[in-house]
There are 2 protein chains.
Amino acid sequence: MYRTHTNGELRIEDKNKTVTLAGWVQKTRNKGFMVWVDLRDRYGITQLIFDEERTSEEILETVSKLGREFVIQVTGTVIKRESKNPDIPTGDIEILVSEITILNESLTPPFTIEDNTDGGEELRMKYRYLDIRRNPVRENLVFRHKVTMAVRSYLSNEGFIEIETPYLIKSTPEGARDFVVPSRVNKGQFYALPQSPQTFKQLLMVGGMDKYFQIVKCFRDEDLRADRQPEFTQIDCEMAFVEQDDILNTFEGLIRHLLKEIKGVEIGEFPKMTYDEAMQRYGTDKPDIRFGMELGELNAVIQHKDFNVFNQAELVVGIAIPGGNSFSRKEIDKLIDWVKRPQVGALGMVYCRCNMDGSYKSSVDKFYDQKDFAQWAQVTGAQKGDLICILSGETSKVRTQLSALRMELAETLGLRNPDEFAPLWVIDFPLLEWDEETKRYHAMHHPFTSPRPGQMELLKTNPGDVKANAYDLVLNGNEIGGGSIRIHKKETQAKMFDYLGFTPEEAKAQFGFLMDAFQYGAPPHGGIAFGLDRLVAILGGQETIRDFIAFPKNNSGRDVMIDAPAAIDQTQLDELNLQLRIKP
Amino acid sequence: MYRTHTNGELRIEDKNKTVTLAGWVQKTRNKGFMVWVDLRDRYGITQLIFDEERTSEEILETVSKLGREFVIQVTGTVIKRESKNPDIPTGDIEILVSEITILNESLTPPFTIEDNTDGGEELRMKYRYLDIRRNPVRENLVFRHKVTMAVRSYLSNEGFIEIETPYLIKSTPEGARDFVVPSRVNKGQFYALPQSPQTFKQLLMVGGMDKYFQIVKCFRDEDLRADRQPEFTQIDCEMAFVEQDDILNTFEGLIRHLLKEIKGVEIGEFPKMTYDEAMQRYGTDKPDIRFGMELGELNAVIQHKDFNVFNQAELVVGIAIPGGNSFSRKEIDKLIDWVKRPQVGALGMVYCRCNMDGSYKSSVDKFYDQKDFAQWAQVTGAQKGDLICILSGETSKVRTQLSALRMELAETLGLRNPDEFAPLWVIDFPLLEWDEETKRYHAMHHPFTSPRPGQMELLKTNPGDVKANAYDLVLNGNEIGGGSIRIHKKETQAKMFDYLGFTPEEAKAQFGFLMDAFQYGAPPHGGIAFGLDRLVAILGGQETIRDFIAFPKNNSGRDVMIDAPAAIDQTQLDELNLQLRIKP
């Protein structure tokens, strides 16, 4: 061992002990006759002291060469510090050094290794190994470890078995795009990396392993949006002989356990809300219910005047911004510009000030009167001093737009308290969703999701109305998990593939193994998967998953540190029986 | 929930309770007036009883339709069983069924779901989900879960942090062949799947995370040998500010903990043996030390007569087979044939019987006399009643051959007791090994391994003699882990790449990020990685890793259940800018 103690460990009780420490030079203060060095490691900082009277010239000579981030080993005596530092646990002591060795030198780091660094995102990613030395990044990684340990311990105690499923599987064109892996031994053939272990966990249920989980990497070759990673981690779970409520209860228990163990927060039974209700009240299937500003549907009280924009709209809907009447005209114009951005896409926004004297002032005063406004206030729950914001248009679009505005305002108004946790089950998702591009229905969750009992027949006549045995767990406005009760009979699964436009041959080629398995005594089963990256980020009071991943990729799917992906040798391509269509 | 209890849970104390059970029909015995059904799940078997007097006709009708592996749900009363079954924990009770539902039917399974099945390997792999229903397979998977839980709990308690490293990294031609993943977004470029997280864990050490571990999938595109998998799992570990002994002590602690927790076996300090000594005494770098039969080098006592085969050999070496004098001439001829098989490759074998009367009888009696034989017996440690087997030839080859014979005989003689655990550290591995094919030295471990102190200079003059700070943990004749102290200075690493035949450009292109990192204060560090599949198998008293993997691939790297790898769509190839050189 290069050390007898870590740099976070020594206290005044250790006075007079001879100790050996190792770590990085955080800072050197040289007063000429006296030099202090802050020595850092994963565990903390310990101050070293050198002075003309007590330190040999040779050592002082070495100390004079030390630069930031040099790795050194020192031996010395623990002494009481004259001016104590109450901010760090080792602040009562310092080390009078009698031996010093430079274990490795360091170039000047490209950014400061401090809690608040001067390094930009790109630079910190390129030198991620230096970024990880910073407290906030290191603490996030340690936090992630604590969460996964707690998840495993909880599920294992509940009788779940962690089982590793394969990474080299088969590509299925359904769903998102697969990453594929050419096989050298089976030329012309490819493995695919799993988007999730879905079919394997279902096969484990057929295999009788009635409580399965796995913390597992999954892969999706999507055009990356901000804060999406091509590889991400799931807590993947499945149970047999269960109904929907059994799954909700079990995994509500898991999240409750995490909130208590990790955050010290006790939460009672999680509320449940149907998908339809969530869309109506919040305009989204992942509502943040830590605050109000619910959507008020205004059609009944707003479509009786001469204002055509509203009259022609499928839905007119508003929210009341608490205290929003204090916004200046300029601030409101900014909000209007914000909803008109292409990312939101509203055509405009009508507003109505609720003055403290009970009167109203609106941007559509010439169409509506005070009685109208009072009704709007009633529907949106607006109080004196609030601002009502109203959007109109096609129902699904306008809800999404208003939901975006609601979240933006909540952020601005500080209503999204990271220390408050408001979980919510959203249930009764639609089984199918219409895809404008392909002009057909797709499985909203995946093709293995079972419709709610008795709704199978509706598929023929009103496919869009069929509800699924599917559920999401939403935490503070983020979907952290989702799952469903699966189909477990071959005939039902075959029918489902048929509805989804698979020919029997396609269904057999891609999922024949699963349908075969269903013929040999498949039990009723269902499950859920949590996005670990996001769950950890939210538990950590943040929303950027990249900060909780040791070596994340950038928005183009590149690892800028190791510079991957990269070209490969021609011999590698040859061995794989591949050639590039267009040479780079 | 489809059940109030599992099938392994009910006891005589539960008599008269109304319970609901679910599971698979293991067996039906129909005596006409009475029917018994064994209901199975992951937890055990419970006997159901139906009879003409107490069971409704409707239920009896349903029961008559039950086939093997049907999934059923029953409600009934726990009653005392007339003829108890002491072999199962639920053997004192049975369930008098009052309600039955067939949850799913089953075709007749292609093999019996019994501890000893009639299904062959290929069939069991194709229907792995049925194989997993069998006790031995299920128990292996549960055992694996217990081992990984114990590993995580031990390492976490020791201050190690589990950190996920990326799966989509960069291909490096050094070492085994990479699996590559074409990038769609970065056309013409490829990711590679990691053969191990080696460079990333070293970067974590540079990042100050001084105790890292990860249970992680790794990938190697090798031509598969028996019992190798293209994807396999490692317990990957790294520490900073440590020397070799610190690593050995820490991970000896882990294995000791596992043996105690999982197997109830207490083991003291693990013996250490140098690579040279292991090769000399056992002919292998992974000796099974549960039994003797050590190699005796006979050159000094055997090369003084007219037997040219021995006189011209670089090494003449023998082992004494305990009780081997009881072998018939035919059995000995079989042994000779065995060592002459191409897989072993010996040209012949000389033997010498040690008779109970103290006399010797050898296959080379015309060259040697009784005094010679007595010396052979002394060197090989042969006792009266033993058989001495002698091979000769080129040192490294003949050691490997005799080691193979030693293991084969130990297996036959029942000396490899699966309940006995004999761990051994093999240390001081050579840094380099000569590759006949490329006519140059390769890193024996990997190019990041540091030479033993002071041996760097030897590289120029006697590269084959340089020892590395590298070590393997051997358990019962299997390498279960290996690691090294790493190079942590840029100049040393650059020199090493140079010795290994990298141009500076190649070194920079492939490992530039690591050498860059070494410039910013890399601490001394080292680590180890354990092969989890093998470790679990050996702890489980077996040596076939496939039995401890939920969904293994066959010897051609195929998953015969899902039929992967497989052809992919032309559109997928197009999107990846790829085409097949030779169409299938």
task: List the trypsin sites (Lys or Arg not before Pro) within region A:350-379 that fall in a DSSP loop (any state other than H, G, I, E or B) and whose Cβ has at most 13 other Cβ atoms within 10 Å.
output: A:LYS366
- prompt: How big is region B:60-133 on each of its three principal axes, counting only the C-alpha atoms and giving the largest first in Å?
  reply: 42, 30, 16
query: So what's region A:291-412 giving for Rg/Rh, alpha carbon basis, Kirkwood Rh from the mean inverse pair distance?
result: 0.92
task: Return the distance in nm (one decimal) between the two label points of a simple spin-label model at A:LYS263 and B:LYS263, each offset 7 Å from Cα along Cα→Cβ.
output: 4.4
- prompt: What net charge do the residues around B:PHE270 carry, taking every other residue with its C-beta under 13 Å from that of B:PHE270, with Lys and Arg at +1 and Asp and Glu at -1?
  reply: -3
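Given a Förster distance of 30 Å, report the FRET efficiency between A:LYS17 and B:LYS272 from their Cβ-Cβ distance, rounded to the nearest 0.05. The partial results should precede the final answer.
Values: r = 32 Å, r/R0 = 1.06.
The value I calculate is 0.40.
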Sites matching GluC sites (Glu not before Pro) across region A:52-82 that sit in DSSP coil, with at most 10 neighbouring C-beta atoms within 10 Å: A:GLU53, A:GLU82
task: Measure nothing but the geometry: give the 0 to 90° angle between the long axis through the Cα atoms of B:395-412 and the longest principal axis through the Cα atoms of chain B, rounded to 10°.
output: 30
- prompt: Between region A:413-482 and region A:134-149, what is the C-alpha centre distance in whole Å?
  reply: 32
query: For region A:150-240, what class follows from the C-alpha gyration tensor (a ≥ b ≥ c being the square roots of its eigenvalues): rounded when a/c is under 1.5, otherwise prolate if a/b is larger than b/c, else oblate?
result: oblate
- prompt: Listed here are the pairs A:LYS217/B:LYS146; A:LYS126/B:LYS170; A:LYS263/B:LYS201; B:LYS146/B:LYS272; which of them are more than 19 Å apart at the Cα?
  reply: A:LYS217/B:LYS146; A:LYS263/B:LYS201; B:LYS146/B:LYS272
query: Gap in Å between the Cα centre of region B:284-355 and the Cα centre of region A:324-361?
result: 94
task: Could I have the simple spin-label model distance between A:ASP223 and B:LEU96, label points 7 Å from Cα toward Cβ, reported in nm to one decimal?
output: 6.9
message: Counting other C-beta atoms within 10 Å, and keeping those with at most 15, which DSSP coil trypsin sites (Lys or Arg not before Pro) do you find in region B:1-62?
response: B:ARG11, B:LYS15, B:LYS17, B:LYS31, B:ARG54
- prompt: Relative to the first principal axis of the alpha-carbon coordinates of chain B, what is the inclination of helix B:329-340, with its axis defined by its Cα atoms, in degrees from 0 to 90 and to the nearest 10?
  reply: 70
message: Which three extents, in angstrom, do the Cα atoms of chain A have along their principal axes, listed largest first?
response: 91, 76, 54
field: Under 27 Å from the Cα of B:LYS305 - lysines, other chains or at least 8 residues apart
entry: B:LYS340, B:LYS361, B:LYS366, B:LYS371, B:LYS384, B:LYS397
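Let me check something: with ligands and nucleic acids excluded, how do A:THR395, A:THR108 order by accessible area (1.4 Å probe), largest to smallest? Kindly include the intermediate steps, with their values, before the conclusion.
Details: A:THR395 30, A:THR108 105 Å².
So, going from the largest accessible area down, we get A:THR108, A:THR395.
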query: How big is D for region B:374-450, in µm² s⁻¹ as a whole number, if Stokes-Einstein is applied with the Kirkwood radius of its Cα pairs at 4 °C and 1.567 mPa s?
result: 80
- prompt: Around A:ASN355, what is the net charge, scoring Lys/Arg as +1 and Asp/Glu as -1 over all other residues with Cβ under 11 Å from its Cβ?
  reply: +1
statement: The simple spin-label model distance between A:GLU394 and B:MET34, using points 7 Å out along Cα→Cβ, in nm, is 7.1
field: Nearest-first distances (nm) between copies at A:ARG281, label 7 Å from Cα via Cβ
entry: 7.3
- prompt: For the protein assembly as shown, with only Lys/Arg (+1) and Asp/Glu (-1) charged at the beta-carbon, what is the dipole magnitude about the Cα centre, in debye rounded to 20?
  reply: 560
statement: For region B:409-451 (alpha-carbon point model, no solvent) the Debye-based log₁₀ I(q)/I(0) at q = 0.16, 0.30 Å⁻¹ works out to -0.67, -1.09
message: If I take R0 = 51 Å and measure r between the Cβ atoms of A:ILE336 and B:ASP574 in this structure, what FRET efficiency does the formula 1/(1 + (r/R0)^6) give, to the nearest 0.05?
response: 0.70
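For region A:200-326, what mean projected area does the convex hull of the alpha carbons give, in nm²? Please list the in-between numbers first.
Working: hull surface 55.5 nm².
Mean orientational projected area (region A:200-326, Cα hull): 13.9 nm².
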- prompt: Rounded, prolate or oblate: which fits region A:12-104 when a ≥ b ≥ c are the square roots of the eigenvalues of the alpha-carbon gyration tensor, with rounded for a/c under 1.5 and prolate only if a/b beats b/c?
  reply: rounded
task: Return one number: the angle in degrees, 0 to 90 and rounded to the nearest 10, between the long axis of the Cα atoms of helix A:135-157 and the longest principal axis of the Cα atoms of chain A.
output: 60
task: Provide the FRET efficiency to the nearest 0.05 for the A:GLN375-A:GLU121 pair, computing r from the beta carbons and using R0 = 56 Å.
output: 0.70
statement: With the label set 7 Å along Cα→Cβ, A:GLN383 is separated from its counterparts in the other copies, in nm and shortest first, by 9.4
- request: Obtain the radius of gyration and the Kirkwood radius of region B:471-549 from its C-alpha atoms and give Rg over Rh.
  value: 1.17
- request: Give the relative contact order (percent, whole number) for region B:12-104; include only Cα pairs under 8 Å separated by 6+ residues.
  value: 34
Region A:44-63 residues near the modelled A:ILE88 label - backbone nitrogen below 19 Å, point 7 Å along Cα→Cβ: A:44-51, A:63
query: Cα extents of the protein assembly as shown along the three principal axes, largest first, in whole Å?
result: 125, 103, 66
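The values are calculated or read from the model by the stated rules, or taken from the named source; none is laboratory data. Everything numeric here is computed off the predicted structure, so don't read it as measured data. Ideal geometry is used to build each Cβ from the backbone, glycine not excepted, and the neighbour counts take in all protein chains shown. Please note that ligands, DNA and RNA were not included when accessible areas were found on the heavy atoms of the full protein model with its side chains. Shrake-Rupley method; radii C 1.70, N 1.55, O 1.52, S 1.80 Å.
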